[in-house]
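Please read the structure below before turning to the comments.
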Amino acid sequence: MDTKRLSSTLEQALSTQMNVELFQSHTYLSYGIWATDLGYDGIGNFLLRHSLEERNHAIKFMQYILNRGGKPTVTSLKAADKDPQNLTECFNLVFKHEVENTEKIYNLVTMAFEEKDWATWNFLQWFVKEQIEEETLAMDLIDKLKIAGGDRATDESLFNLDKDLGKSPDDSELARNATSENP
């Protein structure tokens, strides 16, 4: 008996998004390394924690596909883009990545709606809400850097921004705590 409750089209699209989330994690990891290497340990830590959150998003997609009787496909990841030139570029790239990811989530919502796959449509609503938070977070990063002085920020302003982001709440679960039931 076929127990698959997901169209092949949606199965593939959700697998693709799982890999997008893994690439996002890869990118934030790269940015976190870049920031830490420059001495911005707080910003680096913030970006590394965000990398974990994106990985957990990938696990949510993986688990959903499996729960619906499908089989997710992991593809190879391309290398992260080149390092940003400065914090302004880094934070702008974070925002750009989140907006592009939002568009991909919206496309999945549209596909689920058109297929009348209400379970998948409902599952994706969590990601719609999450992307609102992600875009807001990225805009807040840009705003905080502007308040600090942008590319002409003083060392003291950047020190305080770095310290502030290093203290920001850790909303993502650590990878070591993730399970199939609690990704």
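The values are calculated or read from the model by the stated rules, or taken from the named source; none is laboratory data. Since we're looking at a predicted model, the values are computed, not measured. All Cβ positions, even for glycine, are placed from backbone atoms using ideal geometry, and neighbour counts span all protein chains on display. Areas reflect the complete protein model, heavy atoms only, side chains present, ligands, DNA and RNA absent. Shrake-Rupley method; radii C 1.70, N 1.55, O 1.52, S 1.80 Å.
What number, in percent, do you get for the relative contact order of the chain if the mean sequence gap of Cα pairs under 8 Å and at least 6 apart is divided by its residue count? Don't skip to the end; give the middle numbers.
Numbers: 195 pairs, mean separation 55.0, N = 183.
Worked out over the chain, it gives 30 percent.
The LYS71 and ALA119 beta-carbon pair, evaluated with R₀ = 22 Å, returns a calculated FRET efficiency of approximately 0.80.
Taking only protein heavy atoms into account and a 1.4 Å probe, give the accessible area per residue of region 1-140 in Å². Each step should come with its number before you reach the end.
Numbers: 7060 Å² over 140 residues.
Here the residues of region 1-140 average 50 Å² of exposed surface.
Under 16 Å from the 7 Å Cα→Cβ point of TRP126, by amide nitrogen: which residues of region 2-20? Within reach of a label on TRP126, which here means backbone N under 16 Å from a point 7 Å along Cα→Cβ, region 2-20 contributes 14-15, 17-19.
Between LYS96 and THR136, 0.36 nm times their residue separation minus their Cα-Cα distance comes to what? Please list the in-between numbers first.
Values: separation 40, 0.36 × 40 = 14.40 nm, distance 1.19 nm.
Stretched fully, the LYS96-THR136 segment lengthens by 13.2 nm.
Note: region 4-45, Cα convex hull, 55 Å³ per residue. Carbon and sulfur atoms: what percent of the 1.4 Å accessible area of region 1-59 do they account for? Taking all protein chains in place, region 1-59 shows 56 percent carbon and sulfur surface. For region 32-147, the Kirkwood estimate of hydrodynamic radius, built from reciprocal distances between every pair of different alpha carbons, is 15.9 Å.
Mind running the shape call on region 1-77? Use the C-alpha gyration tensor, a ≥ b ≥ c as the square roots of the eigenvalues: rounded below 1.5 for a/c, prolate if a/b tops b/c, oblate otherwise. Taking the square roots of the gyration eigenvalues as a ≥ b ≥ c, region 1-77 is prolate.
Using the structure shown, select from LYS116/LYS144; LYS71/LYS104; LYS82/LYS144 the pairs with a Cα to Cα distance greater than 30 angstrom.
Working: LYS116/LYS144 42 Å; LYS71/LYS104 20 Å; LYS82/LYS144 23 Å.
From the list (LYS116/LYS144; LYS71/LYS104; LYS82/LYS144), the Cα-Cα distance tops 30 Å for LYS116/LYS144.
Name the shape class, rounded, prolate or oblate, that the alpha-carbon gyration tensor gives for region 68-110, where a ≥ b ≥ c are the square roots of its eigenvalues, rounded holds for a/c under 1.5, and otherwise prolate holds if a/b is larger than b/c and oblate otherwise.
Numbers: a/c = 4.74, a/b = 1.70, b/c = 2.78.
In terms of gyration-tensor shape, oblate.
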